[in-house]
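S.K.: Pasting a structure here, questions to come.
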Amino acid sequence: MDVKCSSDSERPAVKDPTAVERANLLNMAKLSIKGLIESALSFGRTLDSDYPPLQQFFVVMEHCLKHGLKVRKSFLSYNKTIWGPLELVEKLYPEAEEIAASVRDLPGLKTPLGRARAWLRLALMQKKMADYLRCLIIQRDLLSEFYEYHALMMEEEGAVIVGLLVGLNVIDANLCVKGEDLDSQVGVIDFSMYLKSDDDIGGKERNVQIAAILDQKNYVEELNRQLNTVNSLHARVDSLEKSNTKLIEELAIAKNNIIKLQEENHQLRSENTLILMKTQHHLEVTKVDVEAELQTYKHSRQGLDEMYNEARRQLREESQLRQDMENELMVQVSMKHEIELAMKLLEKDIHEKQDTLIGLRQQLDEVKAINMEMYQKLQVTEDAMKEKNEIISRLEDKTNQINATMKQLEQRLQQAEKAQMEAENEDEKLKEEYVNKSERLQKEFSQKEKQLLQLETDLKIEKEWRQTLEDDLQKEKETISQLRIDTQEIINLKKEFLKLQEKNRQLKRICQDQEAALQELASKLSESKLKIEDIKEANKALQGQVWLKDKEATHCKLCEKEFSLSKRKHHCRNCGEIFCNACSDNELPLPSSPKPVRVCDSCHAILIQRLMFHGNFCWNLHPYSSNLCGKMSLKYHVMYSDCFYIRCK
């Protein structure tokens, strides 16, 4: 861009076009800043985003920041934006981090140019734009990554513009950045605002006075800012002194803590050895106990297996016997049912015979009643015969008639007697048959009773046998329950054995963890000792270890022999003191020098002891002398293969 609007008094006599551009941009910046301050003082100090001089000021600042900006190539296009240098401000000025974070968090901004415009507006509202840009133009080496060497920000014009920006601190700006479209704005300078009319010529003196007042105000504000920086520097010095004293106190506390840690380390090591011995002894005892329990478990398991097999075989035999007995019992039960059925039939037959016997007895009673009637009739007839005989004797006349009737009666009597005899014979036959049947029934009843007694005895025997079988079965059940209890105890013993094994594993794991913890404590202790030694060395350096001058030493510090032409002076690179060749004939690498340098005997002993304690030392002997190589190991970033004297070989 070529801006060539400048006054005759400020026209630079430089033929270089970049210098002309810088001068024109400087003049435009002066005009925009001056016009903005004048308008703010005349119309009120609070400005919003729609105010035209404020918009033109941001356009001019954008052109100033774009001047001489390097073009960065990317995969898709050429990138030329001012957001890169403005983003550096938050690294140089910590107070600018809030502005950068708020700019990144704005949702409507999509381009780097929009972010840069938002950053300028927020910096103006904070009244920190001059301070931020001053920190930026001081760092020329950082700006050279973004600007060409002839850019406005790299030359004196940039410093002048930053000085002019200090006057904007009197303005209060109330800008709404969130809703404004900053990505698509066109940055074109409107020169009509800065063209002077006839009315403006009359107020030139007033403008000169206002400019002088503003310059004085800016000078006073600059002095106040410098005083504030001086006060902040004094406060920082005081804080550094306090921090130094705190560091010294912390160093003493750290020394005491290291001594305590060493004592605790010794105690922990002794306790660890005791714990290891106890755990080993306990493990051996538990191992012996477990082996003995395992042997007893194996023997008991073998005996229990044999007992279990024997009990199982007996159980099978008993179950077979029980099955046989149940079969026999079923047979006996079926026989019993048959006997009960025969008894019921016999009882039924007996009842029927008893009924027939009762019927015969009734018939016999009836016959007896008939006989009694006949006997009574016979007596009556005998009485009648007596009466008839009397009557016959009386009535002899009528005997013939009565004889005829008597004959008839005698015939009838004979028939009755015959019938009575037949009835008696039949009665005797019935009696004989009844006696025979009763005897037969008694014999059968006695036989049935005998069979019933035999069956009752057999049933008692069966009951006793069944009771014995039930007792044996109960005993077998008890043995089986006992075997189950034994197997449960065996399972519990197995679980306890597994628990003991798990405890053994846990103890081993705890022992391993303790060993690892001890190793970590040892490594941490070694690292803390290294840090303490480094702190000691740093403290010695802070306390003022100086390189002793040759004129100040006349005798060796160790052997106290006087220096001469034959006894030369040699500096120890660790402590800085002067020694003779015999007392400083040692070479070791130091933190300040990776190559071996000369050290005195005392420093050599201290360094060797420290490195031997940590095991970070190369112990290769020099092939032509008794000195050690002294290369540090992996912790000091030099491998063992990088030995100084191996390369010498």
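S.K.: Only one of these is open to solvent by less than 20 Å² (accessible area, probe 1.4 Å), under 26 Å from LEU25 (Cα atoms) and touching a helix residue (DSSP H, G or I) at 6+ places or on another chain (Cβ under 6 Å): ALA151, ALA100, ALA116. Name it.
M.R.: ALA116
S.K.: Taking ASN272 as the residue in question, decide whether it is surrounded by 10 or more Cβ atoms within 10 Å (Cβ to Cβ) and either modelled with pLDDT of 85 or more or in contact with a His (Cβ under 7 Å, 6 or more places away or on another chain) (or both).
M.R.: Working: surrounded by 10 or more Cβ atoms within 10 Å (Cβ to Cβ): yes; either modelled with pLDDT of 85 or more or in contact with a His (Cβ under 7 Å, 6 or more places away or on another chain) (or both): no.
No: the conditions fail for ASN272.
S.K.: A further question on this structure: Here are some residues: LYS204, LYS196, LYS178. Which one is of a type in the set (Lys, Arg), modelled with pLDDT under 85 and within 27 Å of HIS67 (Cα to Cα)?
M.R.: Being of a type in the set (Lys, Arg), modelled with pLDDT under 85 and within 27 Å of HIS67 (Cα to Cα) holds for just one of LYS204, LYS196, LYS178, which is LYS196.
S.K.: Determine if region 266-279 includes at least one residue that is in a helix (DSSP H, G or I) and within 20 Å of GLU489 (Cα to Cα).
M.R.: Pass one, region 266-279, residues in a helix (DSSP H, G or I): 266-279.
Subset that is within 20 Å of GLU489 (Cα to Cα): none.
No, region 266-279 contains no residue that is in a helix (DSSP H, G or I) and within 20 Å of GLU489 (Cα to Cα).
S.K.: Out of ILE358, ILE370, I need the residue that is in a helix (DSSP H, G or I), β-branched (Val, Ile, Thr) and surrounded by 13 or more Cβ atoms within 10 Å (Cβ to Cβ). Which one?
M.R.: Details: ILE358 fails: surrounded by 13 or more Cβ atoms within 10 Å (Cβ to Cβ).
The match here is ILE370.
S.K.: Can you find a residue that is out of contact with any Phe, Trp or Tyr (no Cβ under 9 Å at 6 or more places or on another chain), over 30 Å from HIS281 (Cα atoms), of a type in the set (Phe, Trp, Tyr) and open to solvent by 100 Å² or more (accessible area, probe 1.4 Å) anywhere in region 439-451?
M.R.: Filtering region 439-451 for residues out of contact with any Phe, Trp or Tyr (no Cβ under 9 Å at 6 or more places or on another chain) gives 439-451.
Those still in the list that are over 30 Å from HIS281 (Cα atoms) too: 439-451.
Filter once more, keeping what is of a type in the set (Phe, Trp, Tyr): 445.
From what is left, the residues that are open to solvent by 100 Å² or more (accessible area, probe 1.4 Å) are 445.
Checking region 439-451: at least one residue is out of contact with any Phe, Trp or Tyr (no Cβ under 9 Å at 6 or more places or on another chain), over 30 Å from HIS281 (Cα atoms), of a type in the set (Phe, Trp, Tyr) and open to solvent by 100 Å² or more (accessible area, probe 1.4 Å).
S.K.: Consider region 554-574. How many of its residues are touching a residue at least 24 places away in the same chain (Cβ under 8 Å), surrounded by fewer than 18 Cβ atoms within 10 Å (Cβ to Cβ) and not basic (Lys, Arg)?
M.R.: The qualifying residues number 2.
S.K.: Filter region 22-68 down to residues that are modelled with pLDDT under 75 and under 22 Å from GLY114 (Cα atoms) and give me whichever is least open to solvent (accessible area, probe 1.4 Å). Lay out the reasoning, then the answer.
M.R.: Filtering region 22-68 for residues modelled with pLDDT under 75 gives 42-50.
Of the ones still in play, those that are also under 22 Å from GLY114 (Cα atoms) are 47-50.
Working: LEU47: 10, ASP48: 77, SER49: 28, ASP50: 114 Å².
Going through the qualifying residues, I end up with LEU47.
S.K.: Moving to a separate point now. Is at least one residue of region 69-81 open to solvent by less than 20 Å² (accessible area, probe 1.4 Å), in a helix (DSSP H, G or I) and at pLDDT 80 or above?
M.R.: no
S.K.: With the requirement that a residue be more than 30 Å from GLN332 (Cβ to Cβ) and hydrophobic (A, V, I, L, M, F, W, C), what does region 413-455 give you?
M.R.: Result: LEU413, ALA416, ALA419, MET421, ALA423, LEU430, VAL435.
S.K.: Oh, and also: In region 576-593, how many residues are assigned to a strand (DSSP E or B) and of a type in the set (Ser, Thr, Tyr)? Explain how you work it out, then say what you get.
M.R.: In the first step, residues of region 576-593 are kept if they are assigned to a strand (DSSP E or B); the result is 578-579, 586-590, 593.
Restricting the remaining residues to those that are of a type in the set (Ser, Thr, Tyr) gives 593.
Final tally of qualifying residues: 1.
The values are calculated or read from the model by the stated rules, or taken from the named source; none is laboratory data. What you see is a predicted model, and the numbers here were worked out from it, not measured in a lab. Neighbour counts are summed over all protein chains in view; Cβ atoms, including those assigned to glycine, are modelled from backbone coordinates with ideal geometry. Surface accessibility is based on the protein's heavy atoms, side chains included, excluding ligands, DNA and RNA. Shrake-Rupley method; radii C 1.70, N 1.55, O 1.52, S 1.80 Å.
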